[in-house]
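Enquirer: Before anything else, here's the structure in question.
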Amino acid sequence: MHEFEQILALFVAAVLLAAAARRVGAPYPVFLAIGGALLAFVPGVPHPSLPPDLVLALFVAPVLLDAAFDASLRDLRDNWAPVTGLVVFAVGLTTAAVAVVAHALVPGLPWAAAIALGAIVAPPDAVAATAVLRPLQPPQRLLTILEGESLLNDASALLIYRLAVGAVAAGSFSLEAVAPTFLLAVGGSIVAGPALGWLAQRLLERVQHIPTAIILQFITTFGVWLVAERAGLSGVLTTVCYAMTLARSAPARIPARVRIPTNAVWATVIFALNIFAFIFIGLQIRPIVAELEAPVLRQYLVVAAAVLATVILVRIAWHMAFNAVLRWKDSRFGFHPPRPMLRPTVGSGLLISWAGMRGIVTLAAALALPDGFPARNLILLTAFSVVLGTLLVQGLTLKALLRALDLRDGDPIAQEVGIARERALEAALAQLPRGRSSVIDLVRKDFKVRLGNVLQAPAAPPASASEYEAAYGAALASARQALLAVRASGEIGDDAFHSLESELDWLEVSDPLRSANADETSDPHEPG
């Protein structure tokens with residue numbers, strides 16, 4: 001019971017740190033990392049443990065599903081070259097460079113363990129970057145690249161990680177032996193993810209009880225990860241493909257009254273998992289720091305500092321070189337994007353290069369190393385140092401860098417939201433009967449208040465409530481179909497789609513008669 005009380009106290013402290021971070025405008029993972037570091041020097045804290053096999057499923061699966069669900073396939077396709085460069089080449093180069101540096105500083109470190117360390121610290125986490133950047137409204141192309149990279153580089157890094165850990169267990173590493181396994185894992189995951197998504201959607205759409213539906217969402221998320229791992233596939237890639245499949249079908253099949261509380265629960269769980277990850281690794285670092293002799297601790301800190309410098313410099317070197325190639329291509333052949341977006345510039349390259357903060361996936365991968373793994377303590381300390389260092393050095397300076405670069409793109413998401421709003425309003429109004437009726441006129445004006453530019457609608461006659469709600473529901477359904485169609489056509493991306501979907505959800509769950517009486521001071525993004 002005493003340990004449980006200590007864990008609760010640590011959670012309260014972490015929540016307060018996150019609140020302090022929001023107050024000063026810093027990304028909350030920065031303050032959580034500082035809190036985790038301080039735990040390493042607090043005597044008497046508990047030392048909980050989790051089975052290594054559980055760590056990745058517990059921490060990574062929900063975070064990946066949440067990120068993949070919001071990912072825009074259209075925008076990822078538009079920016080496939082920089083995303084692929086970061087996901088494949090930057091991760092590969094970082095893994096190799098870190099392995100070489102670690103092996104050079106610790107000659108007795110097996111190459112497979114050095115590669116595992118490289119794969120652990122290779123994938124950046126977009127949570128901290130977007131927490132800093134979104135309030136400043138940076139160019140959407142930069143957010144797309146960072147979020148797409150964060151989503152997909154977990155798959156590439158953890159595939160390398162899995163092979164390296166397997167090589168340590170087997171005592172040898174052979175490219176010829178692992179290549180078929182690697183290809184099977186990738187190909188099988190790309191097939192299994194959508195198939196499992198289709199099956200899960202058929203199950204979830206039949207459940208109307210909100211708590212049951214939310215619990216089943218978590219069960220299916222963990223279930224997909226476990227099935228993939230048991231089948232020898234990539235849990236990361238399978239989960240990403242599964243989530244993207246749900247993201248395309250769920251908006252048309254899941255009612256708003258389920259989606260609104262679901263979004264709130266998932267946001268809370270992801271926040272709690274980030275808190276727990278930083279607390280947990282801080283508690284793991286404590287005995288390592290306490291037991292190491294001073295010379296060994298100094299060696300570990302030298303390795304951690306060298307690896308931190310390596311991951312920062314490799315990312316800058318790779319992406320600035322890639323950015324230079326893109327700028328040369330644009331100057332030679334012209335810049336012809338499929339839709340308005342910021343063209344590659346030195347400034348955009350610098351911002352992406354600097355937004356390489358590590359986060360929960362790095363922590364989870366380090367914690368998932370089995371007991372007895374070569375240099376496990378060194379890898380844990382180094383991984384946490386890289387997370388802490390990148391969050392402090394890059395996370396706290398990213399806002400100043402963006403302001404200094406002054407990158408702008410005309411806010412294409414706002415333009416797409418305007419397009420979606422117009423199409424939804426047109427579809428809703430077209431659904432209404434053309435005859436004169438005070439009730440239909442009220443429905444028409446209500447939609448103009450919420451989706452158009454009319455400031456105020458008249459109150460509804462109480463006797464006409466049932467007729468009003470029937471017409472209101474039919475118009476809302478047409479608006480949703482128009483929104484789905486405009487996303488399917490590629491005219492808008494998922495950011496604009498989810499923005500207007502949220503407005504339609506609140507229109508659906510709010511009392512239509514009460515929302516019709518909204519005055520000029522009402523916020524159209526809040527429930528009426």
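Enquirer: Across 10 Å bins from the origin, how do the percents of Cα pairs in region 354-424 run, short distances first?
Expert: Here the calculated profile for region 354-424 is 17, 26, 20, 19, 13, 4, 0.
Enquirer: Right, another one. Between rounded, prolate and oblate, where does region 305-459 land on the alpha carbon gyration tensor, with a ≥ b ≥ c its root eigenvalues, rounded for a/c under 1.5, else prolate if a/b exceeds b/c?
Expert: Values: a/c = 3.48, a/b = 1.96, b/c = 1.78.
The shape class here is prolate.
Enquirer: Next question, about the same structure. Can you compute the modelled spin-label distance between A267 and I190, with each label point 7 Å from Cα toward Cβ, in nm?
Expert: 3.5
Enquirer: Let me ask something else. Need the C-alpha centroid separation for region 384-436 versus region 348-378, integer Å.
Expert: Cα centres, region 384-436 to region 348-378: 28 Å.
Enquirer: Here is a further query. Using 7 Å Cα-to-Cβ label points, what is the L297/V12 separation (nm, one decimal)?
Expert: Distance between label points: 3.0 nm.
Enquirer: What share of Cα pairs, in percent, lie more than 18 angstrom apart in region 1-134? Numbers along the way, then the final one.
Expert: Numbers: 6492 of 8911 pairs.
Result for the distance tail: 73 percent.
Enquirer: A further question follows. Have a look at L65, A485, V83 and report the one farthest towards the positive end of the charge dipole of the chain, computed about the Cα centre with Cβ charges (Lys/Arg +1, Asp/Glu -1).
Expert: My answer, from the dipole projection, is V83.
Enquirer: Okay, next question. I need the calculated FRET efficiency for the pair D371 and L405, taking r as the beta carbon distance and R₀ as 45 Å, to the nearest 0.05. Display every interim value, and only then the final one.
Expert: Numbers: r = 46 Å, r/R0 = 1.02.
Working from the Cβ atoms, E equals 0.45.
Enquirer: If you don't mind, another one. When ligands, DNA and RNA are left out and all protein chains stay put, how many square angstrom of accessible area per residue does region 305-368 have with a 1.4 Å probe?
Expert: Numbers: 2570 Å² over 64 residues.
Roughly 40 Å² per residue, with all protein chains present.
Enquirer: I would also like to ask the following. Compute the convex hull volume of the Cα atoms of region 253-361, divide it by the residue count, and report the result per residue in Å³ as a whole number. Mind showing how you got there, number by number?
Expert: Values: hull volume 16.9 nm³, N = 109.
Considering the Cα atoms of region 253-361, their hull volume per residue is 155 Å³.
Enquirer: When the scattering of the chain is computed by the Debye formula from its Cα atoms alone, each counted once and equally, what is log10 I(q)/I(0) at q = 0.05, 0.06, 0.08 Å⁻¹?
Expert: -0.23, -0.32, -0.57
Enquirer: How much area per residue is accessible in region 52-98 when the probe is 1.4 Å and only protein heavy atoms are counted (Å²)?
Expert: 35
Enquirer: Which value in deg cm²/dmol, rounded to the nearest 500, describes the helix-derived mean residue ellipticity at 222 nm for the chain, given -39,500 (n - 2.57) per DSSP H run of n ≥ 4 and division by the residue count?
Expert: Working: 23 runs with 394 residues, N = 528.
Only helices count here, giving -25000 deg cm²/dmol.
Enquirer: With an 8 Å Cα cut-off and a minimum separation of 6 or more residues, compute the relative contact order for the chain in percent. Mind showing how you got there, number by number?
Expert: Numbers: 715 pairs, mean separation 115.9, N = 528.
Rounded, it is 22 percent for the chain.
Enquirer: Tell me the label-point distance for the pair R257, A96, using the 7 Å Cα-to-Cβ offset, in nm and rounded to one decimal.
Expert: About 5.7 nm, to one decimal.
Enquirer: Could you work out what % of the accessible surface of region 269-425 is carbon and sulfur, using a 1.4 angstrom probe and leaving DNA, RNA and ligands out of the count? Walk me through the intermediate numbers first.
Expert: Values: 4100 of 6420 Å².
For region 269-425, the apolar C and S fraction of the accessible surface comes to 64 percent.
Enquirer: Whole-Hz Karplus ³J(HN,Hα) for region 329-336, in order, using 6.51 cos²θ - 1.76 cosθ + 1.60 and θ = phi - 60°, x for Gly and Pro?
Expert: Per residue, the Karplus-derived 3J(HN,Hα) values read 4, 5, 5, 7, 10, x, 9, 10 Hz.
Enquirer: Right, something else. What ³J(HN,Hα) values, in whole Hz, does the Karplus curve 6.51 cos²θ - 1.76 cosθ + 1.60 give for region 199-214 when θ = phi - 60°, with x put for Gly and Pro?
Expert: 5, 5, 5, 5, 6, 5, 6, 8, 9, 9, 6, 4, x, 5, 4, 5
Enquirer: Oh, and also: What's the center-to-center distance, using Cα atoms, between region 199-237 and region 49-94 in Å?
Expert: 18
Enquirer: What span do the alpha-carbon atoms of region 67-217 cover on each of the three principal axes, reported in whole Å from largest to smallest?
Expert: Here the spans come out as 58, 39, 28 Å, largest first.
Enquirer: Related question: Size of region 321-398 along its principal axes in angstrom, Cα-based, largest extent first?
Expert: Largest to smallest, the principal-axis extents are 55, 25, 22 Å.
Enquirer: Within the set of other residues whose C-beta is less than 14 Å from the C-beta of V346, count the net charge using Lys and Arg as +1 and Asp and Glu as -1. The partial results should precede the final answer.
Expert: Details: positive: R327, R343; negative: D330, D406.
Overall, the nearby charge balance is 0.
Enquirer: A321 to D441: FRET efficiency via 1/(1 + (r/R0)^6), r the Cβ-Cβ distance, R0 56 Å, to the nearest 0.05?
Expert: Details: r = 62 Å, r/R0 = 1.11.
The calculated FRET efficiency here is 0.35.
Enquirer: Right, another one. Using a 1.4 Å probe on the protein chains only, how many percent of the accessible area of region 79-233 belongs to carbon and sulfur? The partial results should precede the final answer.
Expert: Numbers: 4820 of 6550 Å².
Exposed carbon and sulfur together represent 74 percent of the surface.
Enquirer: Another question, then. Return the sequence-ordered ³J(HN,Hα) values of region 439-449 in whole Hz as given by the Karplus equation 6.51 cos²θ - 1.76 cosθ + 1.60 applied to θ = phi - 60°, using x for Gly and Pro.
Expert: Those phi angles translate into 5, 5, 4, 5, 4, 4, 5, 4, 5, 5, 5 Hz.
The values are calculated or read from the model by the stated rules, or taken from the named source; none is laboratory data. The shown structure was predicted, so the numbers you read here are calculated from the model rather than taken from an experiment. With ideal geometry, Cβ positions are generated from the backbone for all residues, glycine too; neighbour counts draw on all protein chains shown. Please note that ligands, DNA and RNA were not included when accessible areas were found on the heavy atoms of the full protein model with its side chains. Shrake-Rupley method; radii C 1.70, N 1.55, O 1.52, S 1.80 Å.
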